[in-house]
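One structure is given below, encoded as structure tokens.
The values are calculated or read from the model by the stated rules, or taken from the named source; none is laboratory data. Computed from a predicted structure; not experimentally measured. Ideal geometry is used to build each Cβ from the backbone, glycine not excepted, and the neighbour counts take in all protein chains shown.
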Amino acid sequence: MLHHPYTQVKFLTSAARVSQLPADVGFEVAFAGRSNAGKSSALNCLTGKRQLARTSKTPGRTQLINLFSINDEKRLVDLPGYGYAKVPMATKLNWQQELALYLETRQCLRGLVLLMDSRHPLKEQDQLMIEWASDRELPLHILLTKADKLSRSQGMLTLKQVRDAMALHAYVSVQLFSSQSKLGLEELVKVMNGWYAPSEPRP
């Protein structure tokens, strides 16, 4: 059994805008991904709390920036999903603006976990997120989710393809992940522990 601090998280607040977030101090690690990439399931798997992030068959349920406290100085952030969410266009455009503002201006952000369905990785908006992180020299960890739906050989091939595509990005790491089987959970925890460690200055 893997013991880690993320099982202790508690809901802190939700914000529709970056201006409504708590003070920009401490450490935050954010989770982002296209609608239906498995972000809610991954957060529930990480924290061991089934209802931490609501899962839904309808993409786009996460319409707010949701923050969870790990302790007084460390927070976990669930960013709005992007892509094919069934919401009005004006709402969608507002999300994109707030998402960009958060990624570009939040100084306490230590790392970004980017989730992609392992069967459909590196879509156009995923590439945009990678570029945002790269421009900021922000560490980014790609979770190729729903890996249990691929054979082992398919999974390893997808992993290699995405790693090869990311070879020129200095701050990017990639892994396979399955919320169902908990494949890759330990690897994710290690990456996040490294980001949250205050003794390690950011590159």
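Taken over segment 89-105, the residue count meeting the criterion of being within 15 Å of the chain's Cα centre (by Cα) and either of a type in the set (Lys, Arg) or closer than 10 Å to Leu21 by Cβ (or both) is 1. For segment 95-108, the tally of residues that are under 24 Å from Gly38 (Cβ atoms) and either exposed (fewer than 14 other Cβ atoms within 10 Å of the Cβ) or of a type outside the set (D, E, K, R) (or both) stands at 6.
Remark: pairs (first residue in segment 122-134, more than 16 Å from Ser173 (Cα to Cα); second residue loosely packed, with under 15 Cβ neighbours inside 10 Å; Cβ separation under 8 Å; 6+ apart in sequence or on different chains) are absent. So which residues in segment 1-40 are basic (Lys, Arg) and under 22 Å from Ile142 (Cα atoms), if there are any at all? Scanning segment 1-40 gives Arg34, Lys39. Are any of the residues in segment 131-138 closer than 30 Å to Ala23 by Cβ and touching a strand residue (DSSP E or B) at 6+ places or on another chain (Cβ under 7 Å)? Scanning segment 131-138, I find at least one residue that is closer than 30 Å to Ala23 by Cβ and touching a strand residue (DSSP E or B) at 6+ places or on another chain (Cβ under 7 Å), so the answer is yes. When you check Ala165 against the structure, is it more than 21 Å from Lys49 (Cα to Cα), surrounded by fewer than 16 Cβ atoms within 10 Å (Cβ to Cβ) and over 14 Å from the mean Cα position of the chain (by Cα), yes or no? Judged against the criteria, Ala165 is not a match. Only a single item in (1) crowded, with 22+ Cβ neighbours inside 10 Å; (2) farther than 15 Å from Ala30 by Cβ; (3) not acidic (Asp, Glu) is not met by Tyr82, and it is number (2). The set of residues from segment 109-136 being crowded, with 16+ Cβ neighbours inside 10 Å, under 23 Å from Asn44 (Cα atoms) and not charged (D, E, K, R) comprises Leu109, Gly111, Leu112, Val113, Leu114, Leu115, Met116, Ser118, Pro121, Met129.
The residue pairs whose first member lies in segment 47-71 and is under 18 Å from Tyr102 (Cα atoms) and of a type in the set (Phe, Trp, Tyr), whose second member is modelled with pLDDT of 90 or more and assigned to a loop (DSSP other than H, G, I, E, B), and whose beta carbons are closer than 8 Å, counting only pairs six or more residues apart or on different chains, are Phe68/Val9. Candidates Leu112, Leu67, Leu99: the one that is aliphatic (A, V, I, L, M), out of contact with any Ser or Thr (no Cβ under 8 Å at 6 or more places or on another chain), modelled with pLDDT of 90 or more and not in a loop (DSSP other than H, G, I, E, B) is Leu112. State yes or no: is Lys10 modelled with pLDDT of 95 or more, closer than 26 Å to Thr105 by Cβ and touching a strand residue (DSSP E or B) at 6+ places or on another chain (Cβ under 9 Å)? Spelling it out, it is not the case that Lys10 is modelled with pLDDT of 95 or more, closer than 26 Å to Thr105 by Cβ and touching a strand residue (DSSP E or B) at 6+ places or on another chain (Cβ under 9 Å).
Of all the numbered requirements in (1) outside any strand (DSSP E or B); (2) buried (at least 17 other Cβ atoms within 10 Å of the Cβ), Leu143 misses one, and that requirement is (1).
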